[in-house]
1. Of everything in the range 207-216 that's within 18 Å of residue 184 (Cβ to Cβ) and in contact with a helix residue (DSSP H, G or I) (Cβ under 7 Å, 6 or more places away or on another chain), which residue is farthest from ligand 1 (Cβ to nearest atom)?
2. Give, as residue ranges, the helices (runs of 4 or more DSSP H) completely inside the range 142-242 that count at least 1 residues that are exposed (fewer than 12 other Cβ atoms within 10 Å of the Cβ), over 25 Å from the mean Cα position of the chain (by Cα) and without any contact (Cβ under 8 Å) to a residue 60 or more places away in the chain.
3. Given the criteria surrounded by fewer than 15 Cβ atoms within 10 Å (Cβ to Cβ), within 30 Å of residue 241 (Cβ to Cβ), in the same structural domain as residue 42 (by TED's automatic domain parsing) and at pLDDT below 95, does residue 121 qualify?
4. Given the residues 47, 34, which is the only one that is buried (at least 16 other Cβ atoms within 10 Å of the Cβ) and either on the phi > 0 side of the Ramachandran plot or at pLDDT 95 or above (or both)?
5. Can you tell me which residue is surrounded by the fewest Cβ atoms within 10 Å (Cβ to Cβ) among those in the range 55-79 that are assigned to a helix (DSSP H, G or I) and more than 8 Å from ligand 1 (Cβ to nearest atom)?
6. Assess whether residue 183 counts as being more than 30 Å from residue 112 (Cβ to Cβ) and not assigned by TED's automatic domain parsing to the domain that holds residue 117.
7. For the range 80-104, which residues satisfy the criterion of being touching a residue at least 24 places away in the same chain (Cβ under 8 Å), within 26 Å of residue 137 (Cβ to Cβ) and within 11 Å of ligand 1 (Cβ to nearest atom)?
Ligand code: HEC
Ligand code: HEC
């Protein structure tokens, strides 16, 4: 009896230490559902991988010896099984990783720098799954870059509501500056006046302010956005602030 127990212990500890052990079963019921529509790789999937993965899995760096900016690289199997199984998102380890269902392998890895390495949203996972379920079609050759339009309704409004509305909404916003609509944001407040020059980030005080470069404003830490959000805001202004 004693013998058997020792053997079990050895077995347990060695399996816990071996990296290439067969993957633990993954609880697929926890994965967000695929979106119920046709997904476009070039418009939706590639830009998402670019934004969330290429900084560590692109031409410059290949963390974990994996890159997903090329077709060959993206479909390469890893220690955690096949990354992309066409027709079967629930069996694709890429999907398991972005949902955090594989121990220590949440992708992108969690970061304490706000705005960096953000977890994919349920909607993004839904797009990735739908693409894989629909056959994971990745056209040969270079992928044409898509410029995604940035809008107030979808992108900037929610961002400013979360970061600024506590002080810049309602009947009497601080400095007379309200973030409730594209018009009020463009119009600006009492001191600066016009905060946004559509099409020209360099001539938009709002960009200087949320970049943390305006030393005259109170509460500088409340006026500085993390790099990704700043970048989005600049793109919104550059595209005409609509
Ligand atoms: C900030 C850097 C970073 C980002 C961003 C990132 N990863 Fe990773 N990734 C890593 C590191 C580090 C490893 C190696 C981890 C290990 O082997 O323990 C890795 C490993 C992997 C692997 C290989 C796993 C294996 O079994 O060897 C895959 C696949 C992967 N990442 C997918 C992704 C995807 C998909 C994204 C975007 C949604 C992403 N990663 C974003 C850092 C990153
Ligand atoms: C905790 C409260 C607070 C938060 C949060 C906050 N602000 Fe402010 N903001 C102020 C105060 C106070 C002033 C100065 C008002 C004055 O001069 O009377 C100000 C002034 C401004 C002005 C100048 C308005 C003018 O007078 O022309 C702008 C533009 C501005 N904030 C933008 C933002 C943006 C964008 C965010 C979100 C990223 C933000 N603020 C978050 C408190 C806040």
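The values are calculated or read from the model by the stated rules, or taken from the named source; none is laboratory data. A quick note: this is a predicted structure, and the numbers were derived from the prediction, not measured. We place every Cβ from the backbone using ideal geometry, glycine too, and count neighbours over all the protein chains shown.
1. Only one residue tops the list, namely 207.
2. 182-187
3. Spelling it out, residue 121 is indeed surrounded by fewer than 15 Cβ atoms within 10 Å (Cβ to Cβ), within 30 Å of residue 241 (Cβ to Cβ), in the same structural domain as residue 42 (by TED's automatic domain parsing) and at pLDDT below 95.
4. Answer to the check: 34.
5. The residue in question is 72.
6. yes
7. Within the range 80-104, 80, 81, 84, 92, 93, 94, 95, 96, 98, 99, 102 meet the criteria.
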